[in-house]
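Note sheet for the following structure.
Each value in this text was obtained by applying a stated rule to the coordinates, not by laboratory testing. Bear in mind the structure is a predicted one, so any value in this text is a computation, not a measurement. Neighbour counts run over all protein chains shown; Cβ positions are idealised from the backbone, glycine included.
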Amino acid sequence: MTAPPSAVGSAAIRVFGIAGSLRKASYNRALLRAAVELAPEGMTIDIWDRVGELPLYNADLDTESPPEVVVSLRNAVRSADALLFATPEYNYGTPAPLKNALDWALRPSATASLKGKPAGIIGAATGLIGGTARGQDALRQSFVYTQTYALQAPEILIASARDKFDADLRLTDEKTREFLRKYLVSLHGWALKFKS
């Protein structure tokens, strides 16, 4: 779904961005940085890069005073108009660090920061599409429970990522850059539908 041209730039959309990989040289983290660079007018993407600091979800830690990093995650999600997930696929599913972040963000359930948020899902893989497709599908399945509304099309499934990023992990493939740019316009339009 593409936003009408008049919608782009007509309202400011603040996006929470998070990657599912902890690797410093992760193509999915690089893809998020490319999204920041290519975001349309009216969209700001803030990357939350503290996934590796989150403890494994433990209800004993989820008290009235949870760990500071958890508070940071929940506040960042809550203050965003939309979410953007960049995820690889680990063993046919969502990477454990990203799933753990979702588990923390969904609590407390009565005021969960994920509920009702529009979201985009993108991903890159060094091989063929399988390196992100099933990770994205598993994330969409989790969104059924979290009541997070994922943009269903277009999809960003970047294969052969080594050929599309340079040595500094900058997205250099022009066709891919243009496709990501169009995707972000669609996400902007999708987010506007929920901003009221």
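Quick look at the numbers
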{"item": "DSSP beta bridge pairing in the chain, given as percent antiparallel to the nearest 5", "result": "10"}
{"item": "Candidates Ala167, Ala30, Ala82, ranked by Gaussian network fluctuation over the chain, Cα under 10 Å, top entry", "result": "Ala167"}
{"item": "Per-residue [θ]222 nm for the chain (sum of -39500 (n - 2.57) over DSSP H runs n ≥ 4, rounded to 500)", "result": "-12000 deg cm²/dmol"}
{"item": "Relative contact order [Cα under 8 Å, 6+ residues apart], the range 1-133, whole percent", "result": "30"}
{"item": "Extension reserve of the Ser65-Asp163 stretch, reckoned as 0.36 nm per residue once the Cα distance is removed", "result": "30.7 nm"}
{"item": "Added length on full extension, which subtracts the Cα-Cα distance from 0.36 nm per residue, Ala12 to Tyr57", "result": "12.9 nm"}
{"item": "J(HN,Hα) series, the range 47-59, from Karplus relation 6.51 cos²θ - 1.76 cosθ + 1.60, nearest Hz, glycine and proline x", "result": "7, 9, 10, 10, 4, x, 8, 5, x, 4, 4, 8, 4"}
{"item": "Dipole in debye (nearest 20) - the chain, about Cα centre, beta carbon charges: Lys, Arg +1; Asp, Glu -1", "result": "300"}
{"item": "Under 5 Å, built H, 5+ apart or other chain: amide partners of Ile47", "result": "Gly17"}
{"item": "Projected label distance in nm at Asn75 and Tyr145, using a 7 Å step from Cα toward the beta-carbon", "result": "2.7"}
{"item": "Magnitude of the charge dipole, the range 69-173, Cβ model with Lys/Arg +1 and Asp/Glu -1, debye to 20", "result": "460"}
{"item": "Selected from Ile158, Ser186, Thr111, residue furthest toward positive end of dipole (the range 71-196; charges at beta carbon)", "result": "Thr111"}
